[in-house]
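> Here it is, the structure, as structure tokens.
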Amino acid sequence: MNSKIAILLSAVAASAQAYNLSSDQVKQLTIILGDVKSNLFSYIGLVMDPNSGITFSNLPAGLVDVGSNMAMNSNYVPNYSEIDINAVSTFITKLPWFSNKIEPELSSAGVPMVNTKTLTTNQVKTATALL
């Protein structure tokens, strides 16, 4: 493994541990931030579209900032404390490309996020009972 990659992964893992994230949350954020990094202009376009329902004020805190820093600096180590982790789960399912791009990546990584729009009443009851 490339030493730069190993150092970056160590720093990301340390950042995640410092903020009490589960390994699933780390995997989710890695996939989501990778999407933001790769598609930064799509996220900005969504915010600029008044019909999207997504504005700068309802974006999870830190998501675009961290994603844009990753896009502009290959040595940037994401600081998970800058991101409102709880808001990410709700927000990400609202993206027009969630079902086609992000959800399959999350599922293949073994950390799917539930899209509450598609849950049946029984699934909601079951998920709620597990809380």
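> Among 88-98, 41-51, how do they line up by average Cβ neighbours within 10 Å per residue, starting with the highest? Could the numbers behind the result be given before it?
Numbers: 88-98: 16.4, 41-51: 12.7.
Descending packing order for the listed peptides: 88-98, 41-51.
> Residue by residue through the stretch 44-53, which ³J(HN,Hα) values in whole Hz follow from phi under the Karplus form 6.51 cos²θ - 1.76 cosθ + 1.60 (θ = phi - 60°), with glycine and proline marked x?
5, x, 5, 5, 6, 7, x, 8, 6, x
Read the figures in this text as sums done on the coordinates, not as results from a lab. This is a predicted model, so every value here is computed, not measured. Cβ coordinates were reconstructed from backbone atoms using ideal geometry, including for glycine residues, and neighbour counts include every protein chain displayed.
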